[in-house]
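Q: Encoded as structure tokens, here's the structure I'll be asking about.
A short reminder: the numbers here are calculations on the coordinates, not readings from a lab. Note that the coordinates shown come from a computational prediction; the quantities given were computed from them, not determined experimentally. Every residue, glycine among them, receives a Cβ derived from its backbone with ideal geometry; neighbour counts consider all protein chains shown.
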Amino acid sequence: IGQGTYSNVYRARDLEQRKIVALKKVRFDNLEPESVRFMAREIHILRRLDHPNVIKLEGLVTSRMSCSLYLVFEYMEHDLAGLASHPGLKFTESQ
């Protein structure tokens with residue numbers, strides 16, 4: 001789906017819940033302590049957020065083999081930037 005400096009985001013299937021999720025794979029192999037603190041802060045904030053207009057963090061999974069942390073999010077078909085790039089698209093107040 002996308003990528004950043006320390007992570008890649010994939011469209012995945014949760015086999016237990018039988019639904020599509022967004023899986024953010026964060027690599028911890030060469031991260032500096034400041035980056036680890038930033039990620040811990042992001043996770044802490046995401047766990048506390050509960051709003052219909054914010055993508056929900058559904059879980060965390062670790063992999064020692066790949067030195068990765070996976071953040072499991074609910075999946076949305078479009079991102080905000082993609083929707084905003086359509087000039088004729090109108091949003092409701094709640095959107």
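Q: Taking the 0 to 90 degree range and rounding to the nearest ten, how far is the long axis of helix 33-48 tilted relative to the main principal axis of the chain, both from C-alpha atoms?
A: 50 degrees
Q: How long, wide and thick is the chain, going by the Cα atoms along their three principal axes, in whole angstroms, largest first?
A: 45, 33, 24
Q: If you don't mind, there's one more thing I want to ask. Find out how many positive minus negative residues lie around LEU71, taking Lys and Arg as positive, Asp and Glu as negative, among other residues whose Cβ is under 12 Å from that of LEU71.
A: After counting each charged neighbour, the total is +1.
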